[in-house]
Every structure is written in structure tokens, then in C-alpha cells.
Amino acid sequence: MAARRKVSSRRRTQLDPITFELVHAGLISVAEEMGVILKRSSYSPIIRDMEDFSCAVFAADGALVAQADYIPAQLGAMSLVVGSVLGRWGEEIDEGDVFIANHPYMGAMHTPDINILQPVFVEGRLFAWTGATAHHLDVGGVNPGTEGPDLREVYAEGVILPPIRLYRRGQDNRDIFDLLSENVRDPLSTISDLRAQRAACALGDRRIGELIDRFGKGAIATGFRQAIDAVERSTRALLKELPDGEVEADGFMDDDGRGGPPTRIHARLIKEQDRLTVDLSGSASQVSGAFNVPWASTRAAVVYALRAMTDPSITANDGLLRPLQIVCPRGSVLNPNPPAAVSVRHNTCQRLADVLVRAFSDLWPSTAVASSTVTFAARNLSSSAPGSGRRSVLSDGRGGGTGAHADGPGLDGVDTYMANVGLMPVEVAETNYSVRVLRTELIEGSQGRGAFDGGRGIRRETEDLDRFGEAL
């Protein structure tokens with residue numbers, strides 16, 4: 001890393017408003033540009049076209065400072081993984097190291113969501129982190145695409161990676177690359193996407209350096225703290241403006257993923273002045289299938305709902321968590337004990353988000369919105385690439401509709417609540433996989449009629465054209 005000019009040696013405790021806004025905007029821009037790099041250099045359609053990824057900047061202690069808005073399911077989740085890296089490696093972290101992790105019980109969400117984290121060093125000391133998490137088409141396991149509602153243990157959900165080094169002091173860790181290549185169905189996609197994530201993190205490192213060149217190391221470090229404090233103050237102010245009260249709501253998953261009984265998701269909200277308690281202890285115990293939700297995803301759902309029901313434009317960083325108390329005992333379906341399976345936890349996250357939104361709507365009727373689609377209909381298929389015949393894995397999600405509100409109808413054909421994944425274009429599906437898309441259409445009346453209709457869902461029919469035929 002090139003030497004960075006030190007603008008001022010004076011230790012700052014608070015930036016003036018103009019400097020802070022410039023620094024804060026610069027940090028958000030870093031995260032957003034990282035996202036552009038990852039999208040444009042990734043190999044797989046699920047990242048490149050469907051945008052199932054997130055990029056972020058963290059302080060040296062792992063606190064989330066700035067995150068680009070891509071997937072709400074990943075809001076604030078990566079900071080837990082940075083904490084796991086720091087807890088495992090501590091003083092052994094070197095400049096040029098890049099860490100990889102997907103362990104659902106070490107801060108990650110489920111094994112297909114792989115985190116790449118790069119420490120940023122300034123003058124020989126750890127100063128910050130850049131991170132990119134992305135959904136990979138396959139990380140091994142029993143099923144193509146890794147996921148499966150009937151899986152019983154996380155060990156069936158592909159390669160499990162605690163925080164380990166993918167690069168050592170700037171050099172490939174060949175052992176890890178070779179291990180991954182032999183344990184996934186489409187190593188070309190997996191390795192290419194990992195390198196794209198690393199490129200995004202490296203770009204973030206450079207951009208932070210440029211901010212330091214412009215404003216000074218002390219100003220950027222102060223900006224980290226001040227950005228989190230500003231979001232905390234804004235969140236508290238938003239809460240204080242809304243009525244106090246206590247409400248409850250619940251919803252159910254149809255079963256536990258293995259044909260068992262319905263699974264209850266319950267939320268009790270207690271809002272007092274500028275604080276909010278979200279009590280999830282009334283939810284079901286962890287289940288035998290893969291609908292369990294690791295803590296990172298449960299926390300992200302609460303942050304999503306709070307942000308959506310107060311001010312969706314508020315910056316996403318760890319300041320959002322400070323006015324929150326989340327009560328969720330271990331052993332719950334929303335905070336399971338290992339080795340419970342979690343690969344399809346997103347379906348439960350969608351139900352949790354809906355329950356939280358309905359509770360908030362009861363607490364604050366002025367923000368009320370009807371329920372949205374809560375399922376996550378995705379088809380994973382072992383296929384082959386036309387022309388080359390190279391084995392590949394298709395992951396194709398179908399959106400639904402959002403609920404109507406007092407001012408108008410819901411949105412048609414979108415991935416609701418925690419998702420925001422794009423629909424794979426027909427041309428992409430047919431050129432990357434041996435499938436033919438027979439039709440893609442909106443379903444009239446699928447989300448309910450009323451003074452304002454709910455958003456319409458999507459029907460997509462495909463025909464499989466090759467010999468693999470392993471579908472989930």
C-alpha cells in the first residue's frame with residue numbers, strides 16, 4: 001500500500017458539520033462503488049443479474065459504518081462475521097490478508113452466503129475493514145444449490161468455513177482454493193465470484209486510502225464514530241416522535257420443513273420514548289428441518305422492519321441497533337443451537353418480517369400496510385451450460401407482490417420484505433443453463449382485491465433440456 005499523506009496530527013473529537021457530511025458521503029460511496037465492482041466483475045447470474053450481495057465498510061473493531069442498499073436480509077449482518085474474525089485471529093491479522101467465512105454459528109447467515117473481509121491497514125496498524133457478502137450458486141452438500149427444507153443438520157448444507165484466510169499477505173491461499181474447487185458443483189463460478197468479491201474489497205481499501213489522503217486519518221476515524229452516533233440519534237428521534245405502546249402479532253410457517261406441525265413466529269413490541277424492545281421469545285423452539293434462522297438473520301429482520309417503518313432512507317449502520325433490545329432465547333427457531341440446519345432460513349425471515357410489519361402497523365396505524373408475499377419461491381437445478389456442456393447450477397427465484405397501503409396499491413412482481421433479489425432475465429437463463437423459459441407473467445388478483453389491490457405475483461414455467469435433471 002502506498003504511503004498516505006497525513007493531513008493533520010491533531011486528534012479530533014468531533015468533525016464540523018460540513019467535513020462530517022463529506023466524510024460520511026465518501027464512506028457510503030465506497031460501499032456503493034464496491035457493489036458496482038462486484039456486480040460488474042462477478043461470474044454468476046445470481047450476483048451479476050439478480051444482485052444477491054452486499055458490500056460494507058467497518059471500523060477497526062468491526063462496527064458497521066456504511067453499507068450499500070442491495071439486500072435487506074444482509075442489513076448489519078456482516079459486522080458479526082468481522083467480530084468472529086477478530087475473536088479468532090486477534091493480533092495475528094496481517095496486512096494483505098483476506099478472510100473468508102460462511103459459518104452460520106459464527107456470524108454468517110447460511111452457507112451459500114459467503115463473506116469476504118479485508119483488513120485495511122494504515123501506517124502499519126489495523127484501521128478499518130471492507131467486506132462483501134454474496135450468495136453463491138452452490139457450496140456443495142446434498143442438493144444442487146446446497147439448500148433444502150428437509151435437511152436436519154448444518155453439516156448437510158455444504159462446506160462450512162469458519163473465519164480463515166483466503167489470501168495470506170496478498171497471496172492466494174492455494175489450500176483453500178483447492179479445497180473449495182473439489183467440494184462444489186460449479187467451481188469455475190464459485191472461484192470466479194470469490195475473486196470478484198476480493199476485488200470489491202481491494203477497491204474499498206484504496207478508496208478509504210484516498211479519503212485519508214484528503215481528510216486525514218484522524219478525521220476518518222472520527223467520522224466512523226460520528227456516523228454511527230448520528231444514525232443512533234436519528235433513530236431515537238424517529239422513535240420518540242411516534243406513539244408509545246405495546247402490541248403483539250404472530251404468524252405461522254406451514255410446517256417445520258419436514259412435514260411436521262406449523263411453526264409459530266411471534267413478536268411483542270414495547271415502545272417507550274426513544275427505545276424499542278422486540279421480544280421474540282413467544283416463537284417456536286428450533287425445528288427439525290432447515291427453517292431455523294441464525295442470529296445474524298434474525299437481527300437483520302428486526303433492523304429491516306424498524307428502518308422500513310420509520311425512515312427507509314436512514315443510513316444503514318450499527319447505530320440502528322443501539323435503541324433496540326431484542327429478546328430471543330437460544331434454542332428458538334429464530335436463534336437455534338448448532339448444528340441445526342438453516343439453509344432455507346429466508347422463508348422464516350420473510351414470515352418474521354411480515355409479523356413485525358403487522359405489529360408496527362398496529363402500534364403506528366399511520367404507517368400501516370397490508371401483508372405482502374412471505375414465501376421465497378426459488379428453484380435450484382443442476383444443469384449444464386449450452387455449448388460447452390460445463391456443469392452449472394441454476395438458482396431462479398420468483399417474486400410476489402407487496403401489500404396495499406392507504407395511498408395506493410402494492411407493487412407487482414417484486415421480491416418482498418427481506419429479499420429484493422431481481423428476476424433472472426429469460427435471455428440469461430437460456431444462455432447460461434440448459435432450460436427453456438416457456439412463460440413469465442403476472443397473475444391477476446393473486447395478492448387480493450380491495451380499494452387498492454395488493455401487488456400481483458409471478459408465474460414462471462420452464463422446461464429442462466439436459467440430462468442432469470436434479471432439481472430442488
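General remarks:
- Measuring nothing but protein heavy atoms, the accessible surface of region 309-357 at 1.4 Å probe radius is 48 percent carbon and sulfur.
- Given charges at Cβ of Lys, Arg, Asp, Glu: the chain dipole, positive-most of Ser361, Val303, Pro149: Val303
- Scattering curve values for region 185-319, log₁₀ I(q)/I(0), Debye with Cα scatterers, q = 0.12 Å⁻¹: -0.79
- Charge tally in the Cβ shell below 15 Å around Gly331, where Lys, Arg are +1 and Asp, Glu are -1, Gly331 excluded: +1
- The Rg/Rh ratio for region 135-259 is 1.13, where Rg is the radius of gyration of the alpha carbons and Rh is the Kirkwood radius.
- For the listed peptides 283-291, 408-416, a ranking on the average number of other beta carbons within 10 Å per residue, highest first, reads 283-291, 408-416.
- Sum of side-chain charges, Ile270 neighbourhood, beta-carbon under 9 Å (Lys, Arg +1; Asp, Glu -1): -1
- Size of region 410-472: Rg and Dmax of its alpha carbons, in Å, are 14.7, 49.
- Considering only Gly387, Leu117, Pro187, the residue lying farthest towards the positive end of the dipole of the chain is Leu117, judged by Cα position with unit charges set on Cβ.
- In the full protein context, the chain carries 39 Å² of accessible surface per residue, based on a 1.4 Å probe and ignoring ligands, DNA and RNA.
- Here region 58-179 exposes an accessible surface that is 46 percent carbon and sulfur, computed with a 1.4 Å probe and the other protein chains kept in place.
- Rounded to two decimals, the Cα-based Rg/Rh of the chain, with Kirkwood Rh, is 0.96.
- The simple Förster model, with R0 at 35 Å and r as the Cβ-Cβ distance, assigns Arg88 and Glu210 a FRET efficiency of 0.70.
- Positive-end residue, the chain charge dipole about Cα centroid, Cβ charges, pick of Pro336, Gly408, Leu239: Leu239
- Packing, taken as the mean count of other beta carbons within 10 Å per residue, orders the peptides 350-363, 218-231 from highest to lowest as 350-363, 218-231.
- Placing unit charges on the Cβ atoms only, positive for Lys and Arg and negative for Asp and Glu, gives the chain a dipole magnitude near 1200 debye about its Cα centre.
- For region 417-454 versus region 180-221, the gap between their alpha-carbon centres in whole angstrom: 32 Å
The values are calculated or read from the model by the stated rules, or taken from the named source; none is laboratory data. Here the structure is a predicted model, which is why all the values come from computation and not from measurement. As a convention, Cβ positions derive from the backbone with ideal geometry for all residues, glycine included, and neighbour counts pool all protein chains shown. For accessibility, only protein heavy atoms count, side chains too; no ligands or nucleic acids. Shrake-Rupley method; radii C 1.70, N 1.55, O 1.52, S 1.80 Å.
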